[in-house]
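Below is one structure, written out as structure tokens, with a few remarks after it.
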Amino acid sequence: MIQLHNVSFTYPNGTEALRNINLRIEKGEFVFLVGPTGTGKSTLLKLLYCAEYPTEGRVIVAGRDVSRLSPKEVPLLRRRLGIIFQDFRLIPTRTVWENIAFALKAIGMGRKEICRKLPEVLEIVGLSDKAHAYPAQLSGGEQQRVAIARAIVNNPIILLADEPTGNLDPETSLEIVDLLARINLMGTTVLTATHDKYIVDKMRKRVVTLQNGRIVSDRERGTYEHYASE
Amino acid sequence: MGELLAIEKGEPMSIMRLSSLEFLIEEAFKNLTRNVVISFASITTVTLTLLVVGVVGLAMVNIEYSSQHLPGKLEVAVFLKRNVPLQEAIGLANKVKSWEGVKEVKVVSKEEAWQDLKKELKREVDLSDIPNPLPHALRIKTVAPQYIISVAETLRKEQIVDEVREGREVAEKLQSLNNLIKWTGISLGLFLLLASSLIIGNAVRLAIYARREEIRIMQLVGATNFFIMGPFVLEGTAYSIFGGLLAFLILLLAYIYIYNHFPLSFFLLLPYQDVALPLFAAIFLLALLIGVVSSFLSTRYFLYKRGEEFE
């Protein structure tokens, strides 16, 4: 589902964010990408949704080489991905329903289809009763649920989560990761970048550890471990 | 592989769907009503620009029309046959004075004319020995240019009239006025077009900036550039077209008013019924051009400038 072959990435200012990364994630896997801040986790996710292109190496998403995807094809790739962030990225002037509907309208989906899909997805994230609330009226955890609903409403094949629990307390964090695990069980491959030791240790999933832009460990049913800097 | 490709194949259809159009219009309308001050400023600028352009354009077509339909201008010179005595010339002058539209008739006797010509040519040639070759003449002024043609034509039918000449003076004046209006108009018009394009472009840029969060989200969920930028181009174009319609209405009403209340003495106005449609078409097209080009450029600028959108 996701393959990185000898991938390196250097920012235009010379910062080497990723160095010779090789990684393979199969369909249906749930993977934590862990490591201290600034170690290249977000950059790696960006390569997957084509916000950046690798300086070297090949990135393959859903069987497609996206290392040099043309700007026209990028939106089409993103429609097959769900992406969530630490800061939720909801539109404050729109309700929960409108926020999710907006994402579907923006890719040209009709009203009927939207009205059919929305209740389903709200049910999955447990916000059926909050459809007409504004983001400011929701707790952090609920806001992240809205973001997740928006990310999965178009049935993505991969869900990318960049520090999804960074703004949440441990209790809520666990609820969010549980939700991600449930979505994973429905068949979506989930890749979560985090430095939240608590959730990683609770879940006991595959853990890929990054340090200074390199993969230093990759374990099934792993825990969050600290590795000495180079 | 299959999953991604399957989606791509189905894609172009969605751009054509009605719901897409609905989305574009809905979002553009939200922008329009969001910032009343900016909307107002944009519309006003376009209105002013197109008012100036419209006034210049109307002036030019009317001057053109006048100079084509008034070959005689204001003064008619009538040269009588050589053997016609002064008495008859005066008789004709008195007759012409009673015609409709005639303001003033002056008899120029052949002696007067000969003196004037000799005075004029004194430096170059000595005419003192030559017998007077000139006929008696009349100079006729009319109250309005419309009468020149009929007066001249009627005079041509007179037995004693040899030649009728309509002065070129006014034609030349109209021509220079035309040039003056054309060049100041074109430079002023271009300047204002540029200014209004910048202002609309700016309004669009502000709208984009105000909605950068939404744009980020759209990029995230895989909206195409057409979808992301469409509402903004629509918004800019709407400003421009509103402004254009306003300018058209003002111009047309003013034109009708002038047409009905101020018959200008040396000017023939095109009937407003003939002016309305071409004026509308010209202003509408110009407004469309300003709107589409400036807002399109602004959105391009934005699309190329960003790149750190997911930071």
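Overview of results
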read-out	value
For segment A:1-156, size of Cβ-based charge dipole, Lys and Arg +1, Asp and Glu -1, in debye	440
Per-residue average of Cβ from other chains inside 10 Å of A:68-75	3
Inter-label distance, nm, simple model (7 Å from Cα along the C-beta direction), A:THR37/A:ASN167	1.5
Difference of contour (0.36 nm per residue) and Cα-Cα distance, B:GLN159 to B:LYS182	3.9 nm
Given charges at beta-carbon only (K, R positive; D, E negative), |dipole| of the protein assembly as shown in Debye	380
Kyte-Doolittle at least 0.0, axis length at least 15 Å by Cα - qualifying DSSP helices, chain A	A:170-185
In order through segment B:281-294: 3J(HN,Hα) via Karplus (6.51 cos²θ - 1.76 cosθ + 1.60), integer Hz, x for Gly, Pro	4, 5, 5, 4, 5, 5, 4, 4, 4, 4, x, 5, 5, 5
Positive-end extreme of charge dipole, segment B:75-167 - chosen from B:TRP99, B:VAL78, B:PRO135 (charges on Cβ)	B:TRP99
Virtual spin-label span in nm between A:ALA136 and B:TRP99, 7 Å along Cα→Cβ	8.2
Shape category assigned to segment B:75-167 from the gyration tensor of Cα positions, a/c cut at 1.5	prolate
Inter-chain shielding of B:221-233 (mean C-beta neighbours from other protein chains, 10 Å cut-off)	5
Shape of the protein assembly as shown, Cα gyration tensor, a/c cut at 1.5	prolate
Residue among A:GLN137, A:MET109, A:LEU180 farthest towards the positive dipole end of chain A, charges placed on Cβ	A:MET109
Theoretical gain in end-to-end length, B:LEU277 to B:ASN83 [0.36 nm per residue, Cα-Cα removed]	64.3 nm
Packing rank of B:218-230, A:128-140, B:27-39, where each peptide gets the mean count of other beta carbons within 10 Å, highest leading	B:218-230, B:27-39, A:128-140
Contact order normalised by residue count of chain A, Cα under 8 Å, 6+ apart, percent	27
Distance between modelled label sites at A:ASP129 and B:PHE29, nm, 7 Å Cα→Cβ extension	3.4
Magnitude of the charge dipole, segment B:75-167, Cβ model with Lys/Arg +1 and Asp/Glu -1, debye to 20	180
Filter on B:LYS81/B:LYS106; B:LYS110/B:LYS141; B:LYS119/B:LYS141 - keep pairs with C-alpha separation over 22 Å	B:LYS119/B:LYS141
Cα gyration tensor shape for segment B:199-301, rounded if a/c is under 1.5, else prolate or oblate	prolate
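Coordinate-derived values only; no laboratory data. What you are looking at is a predicted structure, and each value in this text was computed from that prediction instead of being measured. Positions of Cβ are backbone-derived with ideal geometry, glycine not excepted, and every protein chain shown enters the neighbour counts.
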